[in-house]
Amino acid sequence: MYRVRTFNQIAPKGLARFPDGFAVGTDVDDPHAILLRSHRLDVNELGAQVSAVARAGVGFNNVPVDACTERGIVVFNTPGANANSVKELVLAALLLTSRDVLGGFEYVRSLEAVDDEAELHRLVEAEKRRFRGHEVAGRTLGIVGLGAIGSRVARAALNLGMDVLGYDPALSVDAAWRLPSDVKRMENLAALAARSEYVTLHVPALPDTANMVDAESLASFRPDSVLLNFARQEIVDERAVRDALEDGTLRAYIADFPSTVLAGMANVHATPHLGASTDEAEENCAVMAADQLRDFLRHGNVENSVNFPDVNLEPAGGYRVGVTNRNVAGMLGHVMSVLADANINVIDMINKSRDNVAYNLIDIETPPSAGVIDRIEAFDEVLSVRVLEAA
């Protein structure tokens, strides 16, 4: 029986992905895995049996990844599962800022006391020029980050008739395949900002992206441009944004993260972290996270991990050993020597590494004894060992 402890409210459609043989819930004791959304996971909540943590969402700054890695715990997220939800919110923000739609809403609401239909229409016709704007067709949108969300925003913007520029210093091969060919690649943020009337951010919160939009980069923006941030609050220096709004470099800042620094500014519009707040996105994230946990717990396979390499090995029958170790030379040879000394035949195996972590799946004919596992665990560089039935 595999035990999965949940935090937060996980969509039922995701929980239904766990078959018989899994105990799943908020009150599960001594879990093998943890499934969560926004709960800030404390290191002390990682029980002795935990081998995996799955975040039903893209961001993972609420999970102690470094501590998990040091204990050989794989951390999953769900890239792309909420991409359409975020894309639609970005498009809504883009269209709302092309005209003063919000101001128009407020003006009409202020006329609720007018009970004469003719007078109402006269006032509306007299004042509507205050809220005029422009079409987005023919305008230039700069997209920073061309992953699952950024590529979808690019395609939608092209369909709206916009010119689209893109910048991503870490563009993967898979992301490049998803990217429409009409997107013009830029070499850096400054070059993109200098040519864009709208700039939208879609990069993760990492040490390299913290405050990537700061006073220096904002100096490259076109006057009267619009900045949209539906990625992470930390990637923007909000004090620099405030200054850019005050001096006219930015016409508006639209974000999914309310801020005390920018509170009260008329040209700042913030939503309460609504990017993934749709039924569909929550279900997609829960399903993906559950599927990844299930496959890992049963077969040791890893997909969409933030700290482990992707590893997939078709079951070959017999038994399977999963070994996580620090990525140093000779470790796989040491493990294989232990198996050879015990006369255990290896049927199939895969070994991959990522940064400082190496992960091995080894299919063997006979079950390893407790003594064999103890010998493998005794190596200083081994972080964790799991034994599974391969078939």
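The values are calculated or read from the model by the stated rules, or taken from the named source; none is laboratory data. Keep in mind that what you see is a predicted model, and the values were worked out from it rather than measured. With ideal geometry, Cβ positions are generated from the backbone for all residues, glycine too; neighbour counts draw on all protein chains shown. Note: areas computed on protein heavy atoms with side chains; ligands, DNA, RNA excluded. Shrake-Rupley method; radii C 1.70, N 1.55, O 1.52, S 1.80 Å.
Before moving on, here are some points about what is shown:
- Residue ID - nearest to GLY333 (Cα to Cα), chosen from residues in the stretch 350-391 that are part of a loop (DSSP other than H, G, I, E, B) and hydrophobic (A, V, I, L, M, F, W, C): PHE379
- Evaluation of ALA215 against (1) in contact with a strand residue (DSSP E or B) (Cβ under 8 Å, 6 or more places away or on another chain); (2) farther than 21 Å from LEU94 by Cα (one fails), failing number: (1)
- Matching entry among ILE364, ILE344 (being more than 21 Å from ASN312 (Cα to Cα), over 33 Å from the mean Cα position of the chain (by Cα) and surrounded by 15 or more Cβ atoms within 10 Å (Cβ to Cβ)): ILE344
- Selection from the stretch 1-43 of residues that are open to solvent by 60 Å² or more (accessible area, probe 1.4 Å), outside any loop (DSSP other than H, G, I, E, B) and either modelled with pLDDT under 95 or in contact with a strand residue (DSSP E or B) (Cβ under 7 Å, 6 or more places away or on another chain) (or both): TYR2, ARG3, ARG5, LEU15
- Identity of the residue in the stretch 313-334, assigned to a strand (DSSP E or B) and open to solvent by less than 20 Å² (accessible area, probe 1.4 Å), that ends up farthest from ASP363 (Cα to Cα): ASN325
- Residue in the stretch 92-106 that is part of a strand (DSSP E or B), within 24 Å of the chain's Cα centre (by Cα) and surrounded by 16 or more Cβ atoms within 10 Å (Cβ to Cβ) present: no
- Test for ASP279: is it under 30 Å from GLY103 (Cα atoms), in contact with a helix residue (DSSP H, G or I) (Cβ under 9 Å, 6 or more places away or on another chain) and either surrounded by fewer than 16 Cβ atoms within 10 Å (Cβ to Cβ) or acidic (Asp, Glu) (or both): no
- Considering the stretch 347-358, and only residues there that are touching a residue at least 24 places away in the same chain (Cβ under 8 Å), at negative phi and open to solvent by 10 Å² or more (accessible area, probe 1.4 Å), the residue that is nearest to the chain's Cα centre (by Cα) turns out to be ARG354.
- The stretch 267-276, residues that are free of Cβ contacts under 8 Å to residues at least 60 places away in the same chain and open to solvent by less than 90 Å² (accessible area, probe 1.4 Å): ASN267, VAL268, ALA270
- Some residue of the stretch 63-77 being among the basic types (Lys, Arg) and closer than 19 Å to GLN233 by Cα: no
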